[in-house]
Structures are given as structure tokens and as C-alpha cells.
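Remarks on the structure that follows.
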Amino acid sequence: MEIPINPEDSLFALAEKIRNCREETVSLVGTNVALTNKTNQMFLVEFAKKFRKTVILGSNTIPTNETPHSPAEQGTAPVKDDLGVEERSLKFSLRILIPLVFISLGLGALFALWWFVPKATVNIMLNSEVLVKNIEVTVDPASNGVDITNKVIPGVELSVVKSERKTLETTGKILVGEKARGTVTITNKTAGDKSFDAGTILVLESDENIKYTLIEDLEVPKKTVSETPKADGTGTVITETFGIKEADIEAEEVGEKYNKDKGSIFLIDEESKENVLVQNDKERIDKGESHEAKAVSKEDVDLVISQMDNSIKSSATDALREKLVGDQVIPDGAVAIATIEQTFDKKVGEQSDLLVLDQTVKATVTVYSKSHLTEIVAPILKGAIPDKFSLYETDNQLEISDGIFLNYSASAGTQKMNLQVKVKSFIIPKLDTEKTRDAITGQPIPAVKDYLDNLPGIASYQIEIWPPLPNFARTMPHVTNRIELTVGHK
């Protein structure tokens, strides 16, 4: 197979053409300066033998100013001359040259690997400081957008009506039972009629704490005086007849202590017993009894109101949250509750095992959007960062608390809500990461450490290099994008 060659082809280029030829017989066609040397010719012959090939050197491969060669060298037959000393010299040269070629290639490959393959990770920890700022923000339902200058964000007013029933076991105690009843005789010893209304109080003469009341209105006639002649005619007998009336009475309270035997005397206010005598002279006053029962106390009323306030406010707030859209927020304490109706089924002191409270309220609140809050506080915080510091750039670089409700204020017919927002972030010394990467690219490790030690605000750093290399070859990668630099803070 004929292979064209060029005058400037090197000996190695000719050898490569022979190696790549698929035929066993290779004829080099063309003029080439390298082939004027018999050593080079012999090199190609020996080189071809290693690949089981035969080389034919045509006469035109040697420049015209050279001495003509034998017919075999002119292409009529394979070169098979015994070159003697030159052949031995060529073999010796090959033994030296070929290993040198492979060594050079190996060293080149190693250099390329050392230059392009290594990669490094540098983790830098910076000393950080906490920056905290409290910012007062106004939420205005009438606002159409964020006003950073005046710290105003838009809001939305929400309201719901909520009704609830709260039941509480009573803790009060009262005496219940039957009041003692009976009949008394009222004797009027005066010259005038006596009238007593229902409810008139009768006090037991022997114990002023025991009282009774008349059940019905009563009129007791006055006493009458009559004269009757004596039988012997010596004069007259004057007879006084007191006015008498029976009346039903009832004890003022329940209990056995109001049960009284016959003969008890009672007093009517402003009436002396010499004028009006009241006594139970015919029957016993009885049927009075008592026992302890549960009743509504004032503490019960206060407690059920407190429980209702907490419960209905919580449920009303939950109902308001169901109306939220997107990232809207209800500030703690901002829900206003107005009572529409409040009804108790029992009064204080009334006998009952349970107290029931029914209540209806209207809950209103002004809500705001978290994104609007972030939009207004972020520039304010960033404006407070000292020189030579920057925010620590993370996915969530600002820690913004939910707004703390301060109060509502009315202005121009609109109820505005005032909030206090706490904004927190870490600030770190400014570090130009690209400049740092460029500065340490390809540098020995001691030089890198010295550079990092002199950067301001560095708390610590860690250098990881792959693959592990001997100390004499251990440098930072020579390709900048093979260096990964991460920044954290303490």
C-alpha cells in the first residue's frame, strides 16, 4: 500500500503513518529530508518489523542532491541490507529514544492531571453579629400600596358574628325547704279599729330574729264597752269586749326553728302588746323544714363570663382565619369583640345545679400581608447595617416576627392598626468571594493559609483538596472554577 509523505514530515510522523497502515507492505511515496539519513531509514525498517510490516522506500523519497542508492533503495525490493555498525547504532538509539518518548508522554499526562484535575473546597467561617431592630408599622385599609417612607402597608378589614352557649356547674349553697305556717289570734284592746296589710311582720317576743308575716290583709275591730245594771239595783256593770280576729301567718324563711308551740306571743311593729296582743292560742305553728341545695353564686357568674369570653373569642378568631387569603396574617390581640346579646338562665342566689349563658358577639380585625411587611422592613434594616458589613445571604436572610398589635387609631374615617415588628438578622464582614478565589488559585497551601489569616473577620476556615497529593505537589487547583468557596458564620 502506498502512503504519500511530505518533505517536512518528522521521523515520528512517518512512523505513525506506518503504524496506522492496515497493509503488511508499506510503500512510502514522496520526498522527505529525514530519510536521507540511513539511521532514520533503518529505524523505520525496525519499527515496521515490530508491527509485522515491510517498508519499501522509493527512490523519490530521497532528495535529488543526495547520492543514488542501490536498486533495493530505489523501490525495486525491500530494504534488507546488512547495515553493520549503523544498524547496531540504530538499535541502540531506539532503545534510548522510545523509553524517552513514553516517559515524556507520561510526564506530560501527569502534569496535565496535576494542573486540571484537582479540586478544592474552602469553608470559611466569619465572625457574625446579630442586628435587631424594632419597627413600628401602620396597617391602613384605605391604602392602595406599600409606603416605605411613612411605614404604611395596606390592610383588609374582616368581621364575623358568632354565638355560643356555655354551661357551668354551680358552686353556691342555699337553704331550701318549707316555711312554717299557722294561725294566730290578734286581740285589739284599743278604742279604734286596727288594719294590717298582708306582709306585716310579726316578731316572736322571745327571739327577735324569728319573724313571720301576715298572709292576707286584716282588720281587727275595736273594743266595745257595755253597761249592765246590777241585779240588786245598786248600780251598773261596765263590760269591755276586745276586738278579736284570727289571721294566717307564714315564717319569713324556711326552717324548723320557725315551728312554735301554742302560747307563743308575737309583737307587731309600733304596737305594744298592751294594745294589740298576738298569740297562737289555738294551734301549733309548724311544717317548717329546710335542707342545703346548690345555687348560683356571684363567683359562678364571673367564671362563666370569663370562660365564655375566652371561648367565643377563640372561635371567632378561628372563623376570621378561615377568611384569610394568601399570606394574610391576624396579629395577636388585634381581634376586637363586641357583645350583641348576653343571657343567663338563672340569677345569683337562685337554686340550680347548672348555670347557662348564651352569648352573641361580633368580632372584627384588620389583617395584613406578610409580603407587604417584608417589603417595608427589609430596606429599613438594610439601611441600618454598619459600613464594611453585609447581611448573611441565605434563603431566609431576615427573621421577621409577626406584627405585635399595639392599638387601633381612627383617622379620616378609617380605623388604622398600629404594629410593632421585630426584625433580626446576622451581619458579617464583607468578603469578596471571587477575589478570594482568584487570589488563592494555584497557590501553595502555606501561602493560602497566610492569605486567609490576614482577611478581616475570619473566625476559622477549613481547606479540603482532592485528590491527596504529596506535600511537594500539594497546591490549590490551578483552575479557578475547580475551587468551591463557601461562607458561613458563627
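Worth pointing out:
- Selection of region 298-337 for residues being more than 14 Å from Leu357 (Cα to Cα) and among the polar types (S, T, N, Q) yields Ser314, Ser315, Thr317, Gln328.
- When Ile18 is tested against (1) at pLDDT 75 or above; (2) surrounded by fewer than 17 Cβ atoms within 10 Å (Cβ to Cβ), only condition (2) is not met.
- Condition check for Glu399: closer than 30 Å to Val329 by Cα, in contact (Cβ under 8 Å) with a residue 60 or more places away in the chain and under 32 Å from the mean Cα position of the chain (by Cα): no
- Residue identified as at pLDDT below 75 and under 24 Å from Ile98 (Cβ atoms) among Phe43, Phe12: Phe12
- Among the residues of region 267-282, the one identified as more than 18 Å from Glu246 (Cβ to Cβ) and either small (Gly, Ala, Ser) or not in a loop (DSSP other than H, G, I, E, B) (or both) is Ser272.
- Residues that are modelled with pLDDT of 95 or more and surrounded by fewer than 17 Cβ atoms within 10 Å (Cβ to Cβ) were ranked within region 358-390; the one that is nearest to the chain's Cα centre (by Cα) is Lys362.
- Here Lys194 meets each of (1) surrounded by 15 or more Cβ atoms within 10 Å (Cβ to Cβ); (2) at pLDDT 95 or above with one exception, condition (2).
- Considering region 275-291, the residues that are over 15 Å from Thr213 (Cα atoms) and at pLDDT 90 or above include one that is nearest to the chain's Cα centre (by Cα), namely His291.
- Given (1) out of contact with any Leu (no Cβ under 9 Å at 6 or more places or on another chain); (2) crowded, with 16+ Cβ neighbours inside 10 Å; (3) over 24 Å from Phe405 (Cα atoms), index of the condition Glu299 fails: (2)
- Taking every residue in region 130-145 that is over 14 Å from Ile404 (Cα atoms) and pairing it with any residue that is outside any strand (DSSP E or B), at least 6 positions away or on another chain, the pairs with Cβ-Cβ distances below 9 Å are Leu131/Leu381; Leu131/Ala384; Leu131/Ile385; Leu131/Pro386; Ala142/Ala412; Ala142/Gly413; Gly145/His372.
- Candidates Ala112, Ala142, filtered to the one that is modelled with pLDDT of 85 or more, outside any strand (DSSP E or B) and either closer than 30 Å to Met308 by Cβ or more than 28 Å from the chain's Cα centre (by Cα) (or both): Ala142
- Region 13-26 residues that are assigned to a helix (DSSP H, G or I), paired with ones that are among the small types (Gly, Ala, Ser) and exposed (fewer than 13 other Cβ atoms within 10 Å of the Cβ) (beta carbon under 6 Å, 6 or more apart): none
- Residue match in region 157-170 (condition: polar (S, T, N, Q), touching a helix residue (DSSP H, G or I) at 6+ places or on another chain (Cβ under 6 Å) and more than 30 Å from Ala247 (Cβ to Cβ)): yes
- Exactly one residue out of Asn259, Asn275 is touching a Ser or Thr at 6+ places or on another chain (Cβ under 7 Å) and of a type in the set (S, T, N, Q), and it is Asn275.
- Tally of residues being surrounded by fewer than 16 Cβ atoms within 10 Å (Cβ to Cβ), out of contact with any Lys or Arg (no Cβ under 8 Å at 6 or more places or on another chain) and hydroxyl-bearing (Ser, Thr, Tyr) across region 136-184: 3
- Every condition in (1) part of a helix (DSSP H, G or I); (2) surrounded by 14 or more Cβ atoms within 10 Å (Cβ to Cβ); (3) of a type in the set (A, V, I, L, M, F, W, C); (4) modelled with pLDDT under 70 is met by Val79 except one, and the failing one is (1).
- Top-ranked residue of region 432-457 - restricted to ones that are farther than 18 Å from Phe472 by Cβ and of a type in the set (Val, Ile, Thr), ranked as surrounded by the most Cβ atoms within 10 Å (Cβ to Cβ): Ile440
- Close pairs (9 angstrom Cβ cut-off, 6 or more residues apart or separate chains): closer than 20 Å to Gly243 by Cα and free of Cβ contacts under 8 Å to residues at least 40 places away in the same chain in region 175-192, outside any loop (DSSP other than H, G, I, E, B) and hydrophobic (A, V, I, L, M, F, W, C) anywhere: Ala191/Val225
- The residue that is surrounded by the fewest Cβ atoms within 10 Å (Cβ to Cβ), among those in region 311-357 that are part of a loop (DSSP other than H, G, I, E, B) and of a type in the set (Gly, Ala, Ser), is Gly326.
- Output for region 458-478, where each listed residue is more than 14 Å from Ile428 (Cβ to Cβ), loosely packed, with under 14 Cβ neighbours inside 10 Å and either at pLDDT below 90 or of a type outside the set (D, E, K, R) (or both): Gln462, Trp466, Pro467, Pro468, Leu469, Pro470, Asn471, Phe472, Ala473, Arg474
- A count restricted to region 165-221 and to residues that are under 30 Å from Ile305 (Cα atoms) and part of a loop (DSSP other than H, G, I, E, B) stands at 2.
- Where Lys133 falls short, out of the listed (1) more than 30 Å from His478 (Cβ to Cβ); (2) modelled with pLDDT of 90 or more; (3) among the charged types (D, E, K, R); (4) surrounded by 13 or more Cβ atoms within 10 Å (Cβ to Cβ): (2)
The values are calculated or read from the model by the stated rules, or taken from the named source; none is laboratory data. As the structure is a prediction and not an experimental result, all values here were calculated from the model. All Cβ positions, even for glycine, are placed from backbone atoms using ideal geometry, and neighbour counts span all protein chains on display.
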